[in-house]
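The values are calculated or read from the model by the stated rules, or taken from the named source; none is laboratory data. What you see is a predicted model, and the numbers here were worked out from it, not measured in a lab. Neighbour counts run over all protein chains shown; Cβ positions are idealised from the backbone, glycine included.
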Amino acid sequence: MPSLSKTQSNTPTDLHTKSGTAAGPDGNPITKIKLPHVGGHEGIGRVVALGPDITHAAGLKVGGTNHLHHEDGSFQQYIALDADYLTVLPDDVDPKVMGPVLCAGLTAYKAVLNANVRPGNWLVVIGAGGGLEHLAVQYARAQGALVVGVDAGPGKGDFIKGLGAQEFIDFATEDPIKRVQEITGLGAHAAVVTAGSAKAFANACDMLRVGGTLGCVGIPPGRPSLETPICTIVIKGLRITGNLVGSLKECMEAVDMVRRGIVKPVVKVRPFKDLPRVYEEMEKGDISGRIVLQITE
């Protein structure tokens, strides 16, 4: 089904695919990539034409994600998509704001749901200033959690606290594990690691209290491992969950929270021609929030 791609959120997954560092379930790099390849997997646009077996009306506002590696993405003005894998969006949503919700927001929301936090529980977001991460902070706050944001860099503390986090830890100048224990008393009820860094995962379980949950979201290159002894996981009764997007129902819940202003994606809209520069900024970690590329007017 051809559709018009108006906006496209730029994601670390696009960067990993471009760089050849995207990993499969076995931890090895994904090598079966369609070439030439068009990137992009968080696009929103309007339907302009329908296949012969489609009964929906043209003109619908839809969002689409794709598998990135074996099919072209939404870094293009028109794209043919499978109607079974599109999300029909309310007509009043802003594509620039909603684009990051379709994958990053949904994944962040799913990770928070899987953490099973209750109002007043402590939840740590590691890498809290990034595109997916800043949404995790807000979805956690929407569930009533007390959030500790961990990140580093100029302005990150003010940015993360401005999202609603109670505490900020600069991992470049402080020991995050020690500080989390000091802030929470017994350790956090949950920690969500959204950063694609092996170091961020290595000792994340040490932040948790008895019965705590570690939510794994970021996918570091290579085959890094958690460095938590099995006896620690068993004796403390820890839960470890993997989080990769979610269901259509959860997607619409995530969309609705943004639509109602409970969660507010922080986006910077750039022209599509800026894509190479945006990739460079992503590699340096210079971006707070999410970059959205305007492909058509």
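Tell me whether the stretch 82-90 contains one or more residues that are assigned to a helix (DSSP H, G or I) and either hydrophobic (A, V, I, L, M, F, W, C) or under 30 Å from residue 184 (Cα atoms) (or both).
Yes.
What strands (runs of 3 or more DSSP E) completely inside the stretch 92-210 contain at least 1 residues that are surrounded by fewer than 19 Cβ atoms within 10 Å (Cβ to Cβ) and touching a strand residue (DSSP E or B) at 6+ places or on another chain (Cβ under 9 Å)?
167-170
Is one or more of the residues making up the stretch 185-204 farther than 20 Å from residue 115 by Cα, modelled with pLDDT of 95 or more and of a type in the set (D, E, K, R)?
No; the residues of the stretch 185-204 include none that is farther than 20 Å from residue 115 by Cα, modelled with pLDDT of 95 or more and of a type in the set (D, E, K, R).
I'm checking my understanding of the structure. Among residues of the stretch 242-271 that are at negative phi and touching a Cys at 6+ places or on another chain (Cβ under 7 Å), which one is modelled with the lowest pLDDT?
Among those residues, the one meeting the criterion is 243.
For the stretch 222-244, name all the residues that are surrounded by fewer than 15 Cβ atoms within 10 Å (Cβ to Cβ), within 17 Å of the chain's Cα centre (by Cα) and in contact (Cβ under 8 Å) with a residue 40 or more places away in the chain.
244
Which one of these does residue 219 not meet: (1) closer than 21 Å to residue 102 by Cα; (2) touching a residue at least 60 places away in the same chain (Cβ under 8 Å); (3) touching a helix residue (DSSP H, G or I) at 6+ places or on another chain (Cβ under 7 Å)?
Result: residue 219 fails condition (3) only.
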